Every structure is written in C-alpha cells, then in structure tokens.
Amino acid sequence: MTPTAVDVLVVGGGATGAAAAYDLARRGVRVLLVEQSDLSTGTSGRYHGLLHSGGRYAVGDPGTAAECITENRILRHIAPFAIEDTGGLFVATPDDPADHPARWVDACRAAGIDIDALTPAQARAQEPALTPHITAAYRVPDAACDSFDLVHGFVEAMRALCAHSTLCGDLLAYHRVIRLVTNDNSVVGAEVENVRTGDRQVIHAACVLNAAGPWAGMVAGLSGITVKVKLDRGTMVAMNTRWVNTIINRLRPADDGDIIVPVGTVAVLGTTSVTTNRPGDHHVENWEVSKILGEADAVIPGIRQGRALRAWAGVRPLYEPPDIDHGDTSGHGVQRRFAVIDHRVRDQLGGLVTVVGGKLTTCRLMAEEAVNVVCDQLGVDTPCTTAAEPLPLPAFRQQYHRLDHRLRKLEHGQLPGQLICECELVTRPQIEAAIAGYGDHPVALDDLRRDLRLGMGPCQSGFCSVRAAGILHEVKEHSNLKVTRALKDFVDERFRGVKPLLWGHQLRQLYLDELIYRRTLGLDRLIAPTPEERLDS
Ligand SMILES: Cc1cc2nc3c(=O)[nH]c(=O)nc-3n(C[C@H](O)[C@H](O)[C@H](O)COP(=O)(O)OP(=O)(O)OC[C@H]3O[C@@H](n4cnc5c(N)ncnc54)[C@H](O)[C@@H]3O)c2cc1C
C-alpha cells in the first residue's frame, strides 16, 4: 500500500536520492522515495564506475578533491560490498604538459590525498600493459564502485530500519512526480503517476526533497521556480577484458578520454563532455568513440585494436551558481561542487529543497547536507549518522562480480543447473532465484541484467536473452506477447549500445545477433510496432 501522507517525499532513485532516503530513515523521519523508472537508471547507472580519490580534481577544483577523498574513505567503510579496491595510478606521457605533475602533487597534498611516487619501471611492473613512454607515475587510493550495489544497499538499509520500527520508509519505483502540490507559499505534497498503468495519486508530505539529478530543473519547475542545471553528456566504451587491474588516470588537466576503469570483467574507457539540453540524451557520436579509443591507446598501446563491447552515455547534472563565469564552456572545466538549495530562503517557497551537482563519490555527503536542511524545515534535530555505521550486505547482491569466481564454482560443480548466459556464466537457478526475489513485482530482462550481468558479455545478449525470456514466461506466467515485447525491448537496447562500434568482431557479432532475432525468430514481425517505432523506421 502506498502511503498517502509522509514526512518527506524524496524525488529520484539515484545515488543521491537513495542516500538521502536512508539518512532520513536513520533520523526517524517517515520517508517515501519516488523513482520514475527503476533504481539507478538515471546518471548513477550510466557513470564511469570510479570512486574518486580526488586526484582528478586536485588542481582545478580543490574543494571537490577534498570532499572526494573524505567520502572515498567513508564509502569504503560503510559499503565495502559495492567497492573493488583496485587502487589507481596517475600517469603522464610525453604529450602531456611537463609542468603539470609538480602542481598536481602539491594540490593532492593540500587536499589530503595520499599519493606515492613510482618510477616508470615500477608503474609498468604493476601494470605491464602501460606504455613504455611514461614520464611520471603516482599511486592514489582510487577504487571501482558498483553503483547498482551502492544504491540498492542504501534502499535496503532504509527498508530494514523501517521494518523494525513503526516508521514508514519505502520505495515507489516506476512512479513519476508530475505535479507539486502547493498551498499558500509551501509545497505540501506531490501528484505521482504510475508510468505502467497511468494511475495517479496525491501523496501529502511536509517536505519534498528534489534529488532528480539531470531532471532537477524540471522537477523544481513543477512549482514554478527555476533551478538551472548545466547538462553535460559523457560517453564511455566498455572493452571485453579488464586490460589493467588498476584504475589508470592521465596526469594532465582534465580532458576527454582520460580514465580507464577496470570494473568486474571489463575495462571502461571514457569519457567526453558535450553540452546538451535533454536530461535523457543518451546518444553516442562516432567522434566520441574514436577520441576515447585514441586517448586510451596513448596510455595502453594496442587497446584500440581490442574488442569493444558497448558504448553508452550519461548526463552529468552540473550546477553553477548564476554569478560564476569560469570562461570554460566544456563540462570538464565546471566545478563538481554540489548545491543544496533551500527554496524557503531563496524563493520564499517552503516545503521544497533541491540537491544537485556533485559526484557519485560524494552522494552520501550531498544527502547529509540536503537532509540537514530538510530537517531544519521539519524541526527535527537528530544528527546525521550515515558516515559511521556500515550498511547491511544487501540481500541479492554479492561481493563484486568476477567471472573467475563463477568459473571456479562451475568447475567445482558449485554452479548447478543449465547455463543460460555463457559469457557471464549465469545459470537457470540463478535467474529463477533473482525472479523470485521480486515477489509479485514485475520483472524485466533488464532487471536480470543488473542483478546477474545477464547479456553483458561479448555477445551482448545474442544467445541468452531468448532463453531468459523463456524462463520469465514459465516462472511469471506472462503472456506470449508480454514476454516477446520484453525480449524485443531488451534486445533493442543491447543492440543500441553496439551500433557505434561496428567493426571487427563486434560487427560480426551484431550481424549474427540480427540474423538470430530479426531474421530467424522474426522478432519485429511478432510485435506490431508502436507509433514512435513506425515513425523511426
Ligand atoms: C559520463 C559520466 C561519468 C561519470 N563518472 C563518474 C565517476 O566515475 N565517479 C563519480 O563519482 N561520479 C561520476 N559521474 C557523476 C555521477 O554519476 C553523478 O553525479 C551521480 O550519478 C548523480 O546522481 P543523482 O542521484 O544525483 O542523479 P541520477 O542518478 O540521475 O538520479 C536521479 C533520478 O531521478 C529520477 N527522476 C527524474 N525525474 C523524476 C520524476 N519527475 N519523478 C520521479 N523520479 C524522477 C530519474 O529517473 C533518476 O533515476 C559521472 C557522470 C557521467 C555523466
């Protein structure tokens, strides 16, 4: 049952909103988290995967650098299940400004970031794939962070707290806030729409916390006020192996294609910075892919010829107070500090607080500061405690997924059942258990992808998705049409990420996948296209 009245309604199930909902529950506030899609499907699910040490911002944005290193230590302590401690290296090449390393070293020390100087030979001993032409190298405490695990960790912890008390703290997924309800000079709730059924309802709240990331300007606009969010699209490319086991950063002023993050079974290369005016602008341009591969190749020779699995984009919700003009129009130059806007003070509109900007690495701190303002409006004086106590291990999440873990289990007979996804070694019992974990809630193949990495390997769902759709059909007893639609949505989305990478193995793979799904199974013919699809074709 969705409550009709809560103390605080948090808009946005990304890292910031989830951390804020958890923080509110810890302070004894009745909270409802509303997300228009699934958890972590906004920018938080489309990011680069780096738990920043702060090194990237040390020279240009020292405040953010200091926040990153503090929060890096806190997240390692409270959410170790979401973090793979890869460590990080900053390396300079002969093409990079020669005076930058010295300035960077001073800036890191000032921000409190622990750095160790390595000789080029030591750096290459640690990461043999690095170019022999390194001119400087430093070790930093970067790490890889799985945003799905982190966000689910916050939400499950919120629910667990509320299960043991009379508090209400829950998630309303697939519901969009379409109207903020106002009374005199205050926001007193929101109208939400179930995006699957179209049903609408009003939820009363003493305060609404707007944590809608790139959509924060639109949500604030529902009450007639303006929050200017600078939308900055960035592209990433996943390679089919890790290439390195340490995060590699280019030691130069922030630019396109500076970072390589080994995450699970892949290496993620990125990113770019392109101004956009759409929060959901996820298109990828060919020049971005070429640029990213070229820059990575300067640090790891040969990577450009490797097999690229997938390209995708996310939109950074950057915030600049209106009075700042730094002259640099690219997103790389914009500060990553976040803002908490108390609309009671700024716009004389009570009951509404916006939090925007920042990094995934600083989401807990953003939540803390936003919740402080919310609590001030509510008259709650319980202090924040989210930095101290570790989150419980989320139920359906494992320690970060490594293919070799599953391979070892498979070889020792500990992974019983039919193999459904050969690339990521996902079995039928794992899929059935994941579906069961959703109870009566609807399950999409994309949920199984996020839970199990189904379809994320080299064939990009070529062989597994039709099998997984069959299991979904059996277990959930969905109609043929519903399952076929789910399969088509999933396959279309996987293919979209491969289309910018059509050369070599991935071109052959996509052609094979097209033959399987469109020619042999006739997936397109089984489903009448929607009006938008008809327009597209
Ligand atoms: C290319 C790229 C690379 C990045 N790399 C890194 C990195 O390596 N490390 C790092 O620390 N940070 C990185 N970032 C930044 C980081 O990803 C973001 O700062 C962070 O994810 C923002 O989280 P959020 O919760 O504020 O926004 P989001 O994750 O976008 O969450 C907002 C949510 O609000 C929901 N929503 C919107 N409107 C409504 C509505 N009306 N009703 C209900 N729900 C609504 C959306 O669906 C969305 O899920 C990167 C960003 C990009 C784009």
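Relative to a virtual label point 7 Å from the Cα of Thr520 in the Cα→beta-carbon direction, which members of region 434-460 show backbone nitrogen distances below 16 Å? Residues 459-460 fall inside that zone.
Here the chain is treated with +1 on each Lys and Arg Cβ and -1 on each Asp and Glu Cβ, and its dipole about the Cα centre works out to around 1140 debye. Counting only residues at least eight positions apart within a chain, or on another chain, the lysines with an alpha carbon under 22 Å from that of Lys230 are Lys359. Placing R0 at 25 angstrom, the Cβ-Cβ distance between Ala98 and Ala125 gives a FRET efficiency of 0.55 after rounding to 0.05. Cross-link partners for Lys499 among the lysines, with Cα-Cα distance under 19 Å and sequence neighbours closer than 8 places in the same chain left out: Lys291, Lys488.
Contact order for region 403-536, expressed relative to its length and based on alpha carbon pairs under 8 Å spaced 6+ residues apart, stands at 18 percent. Here the dipole of region 71-163 is about 180 debye; that uses its Cα centre as origin and unit charges on the Cβ of Lys and Arg (positive) and Asp and Glu (negative). Annotation: amide H of Val263 within the under-5 Å range of Val268, sequence separation 5 or more or interchain, hydrogens built in the peptide plane.
For the set Ser273, Ser479, Ser465, Ser186, the ranking by accessible area, highest first and with no ligand, DNA or RNA atoms included, is Ser479, Ser186, Ser273, Ser465 under a 1.4 Å probe.
The spread of Cα positions in region 395-470, taken along each principal axis and listed from longest to shortest, comes to 34, 28, 22 Å. In terms of accessible area, using a 1.4 Å probe and ignoring ligands and nucleic acids, Arg103, Arg76, Arg139 rank largest first as Arg103, Arg139, Arg76. Expressed as a whole percent, the proportion of Cα-Cα pairs in the chain lying more than 36 Å apart is 33%.
The figure for Lys409 is an accessible area of roughly 90 square angstrom, using a 1.4 Å probe on the protein chains alone. When shorter helices are ignored and each DSSP H run of at least 4 residues is given -39500 (n - 2.57), the per-residue value for the chain at 222 nm works out to -10500 deg cm²/dmol.
Between Leu507 and Lys482, the FRET efficiency from the beta-carbon distance, with R0 = 30 Å, is close to 0.40. In this structure Val237 has an accessible area near 0 Å², from a 1.4 Å probe over the protein heavy atoms.
Have a look at Cys459, Ala433, Ala486 and report the one farthest towards the positive end of the charge dipole of region 403-536, computed about the Cα centre with Cβ charges (Lys/Arg +1, Asp/Glu -1). So the residue we want is Cys459.
Take Trp287: with every protein chain present and a 1.4 Å probe, its accessible area is about 110 Å². Applied to region 505-520, the Karplus parametrisation 6.51 cos²θ - 1.76 cosθ + 1.60 on θ = phi - 60° returns per-residue 3J(HN,Hα) values of 4, 6, 5, 4, 5, 5, 4, 4, 4, 4, 4, 5, 7, 8, 7, 6 Hz, with x for Gly and Pro. Mean projection of the Cα convex hull over all viewing directions, computed for region 403-536: 9.1 nm².
For region 473-480, 3J(HN,Hα) computed residue by residue from phi via the Karplus equation (6.51, -1.76, 1.60; θ = phi - 60°) reads 4, 5, 6, 8, 6, 6, 5, 4 Hz, glycine and proline entered as x. In the chain, the DSSP beta bridges split such that about 70 percent are antiparallel, to the nearest 5.
Heavy-atom accessible area with a 1.4 Å probe sorts Glu389, Glu295, Glu493, largest first, into Glu389, Glu493, Glu295. Across region 345-355, computed HN-Hα scalar couplings (Karplus, 6.51 cos²θ - 1.76 cosθ + 1.60, θ = phi - 60°) run 7, 6, 10, 6, 10, x, x, 9, 10, 10, 10 Hz from first to last residue, x flagging Gly and Pro. One decimal place: the segment Glu432-Val195 gains 82.7 nm when fully extended, by the rule 0.36 nm per residue minus the C-alpha distance.
Proximity of backbone amide H atoms, modeled 1.01 Å from N, is registered between Val188 and Val181, Thr182, Asn183 at under 5 Å, excluding neighbours fewer than 5 places apart on the same chain.
The residues of the chain expose, per residue, 42 Å² of accessible area to a 1.4 Å probe. What a 1.4 Å probe finds exposed on the chain is 52% carbon and sulfur by accessible area, rounded to a whole percent.
The values are calculated or read from the model by the stated rules, or taken from the named source; none is laboratory data. As the structure is a prediction and not an experimental result, all values here were calculated from the model. When we count neighbours, we look across all protein chains shown, and the Cβ atoms used for this are built from the backbone with ideal geometry, even at glycine. Surface accessibility is based on the protein's heavy atoms, side chains included, excluding ligands, DNA and RNA. Shrake-Rupley method; radii C 1.70, N 1.55, O 1.52, S 1.80 Å.
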